[in-house]
Amino acid sequence: QRALRRVLLTNEFDVAMLVVIASCIIVTAVDNSTLHDAVGERELAQTQAAVDLFFFLLFAAEAALKIFALGVFSGPGAYFRSPWNTLDFAM
């Protein structure tokens, strides 16, 4: 748990998650629901759904790992004691 905590609190992990967030924003911006209505675009819609699921699972794993490593509420560095983590979890 301590080793995981050290990894999750590094600048490198923060930068990696910012890259993931930026990638998610780009994919979301490219996602166009009107494309899903076209008959020939079903593959694109399926691919975008898979990518959305990938990002969801990645963000859920990040939250779960942080909650495990930092604790939920107890302790000074607990996950939900950080406004950023609370906002991140809500989103």
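The values are calculated or read from the model by the stated rules, or taken from the named source; none is laboratory data. Just so you know, these numbers come straight off a predicted model, no measurement behind them. Heads up, the Cβs are rebuilt from the backbone with ideal geometry, glycines too, and the neighbour counts pull from every protein chain shown. In case anyone asks, the SASA skips ligands and DNA or RNA and just uses the protein heavy atoms, side chains included. Shrake-Rupley method; radii C 1.70, N 1.55, O 1.52, S 1.80 Å.
Listing for the model above:
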quantity	calculated
ARG2 versus ARG81: modelled label distance in nm, points set 7 Å from Cα along the beta carbon direction	1.8 nm
Of the DSSP H helices in the chain, those whose Cα atoms cover at least 20 Å axially and whose Kyte score averages 0.0 or more	11-30, 42-70
Length-normalised contact order of the chain in % [C-alpha pairs under 8 Å, at least 6 apart]	25 percent
Within the chain, helix-based [θ] at 222 nm, where runs of 4 or more DSSP H residues each add -39,500 (n - 2.57), nearest 500	-23500 deg cm²/dmol
For the chain: rounded, prolate or oblate by the Cα gyration tensor [a/c cutoff 1.5]	prolate
Fraction of accessible area attributable to carbon and sulfur, region 38-78 (%, probe 1.4 Å)	73 percent
Amide hydrogen neighbours beyond the local backbone of GLY71, cut-off 5 Å, H modeled	TYR79
Spin-label pair ALA61/VAL19, simplified geometry with 7 Å Cα→Cβ offset, distance in nm	1.5 nm
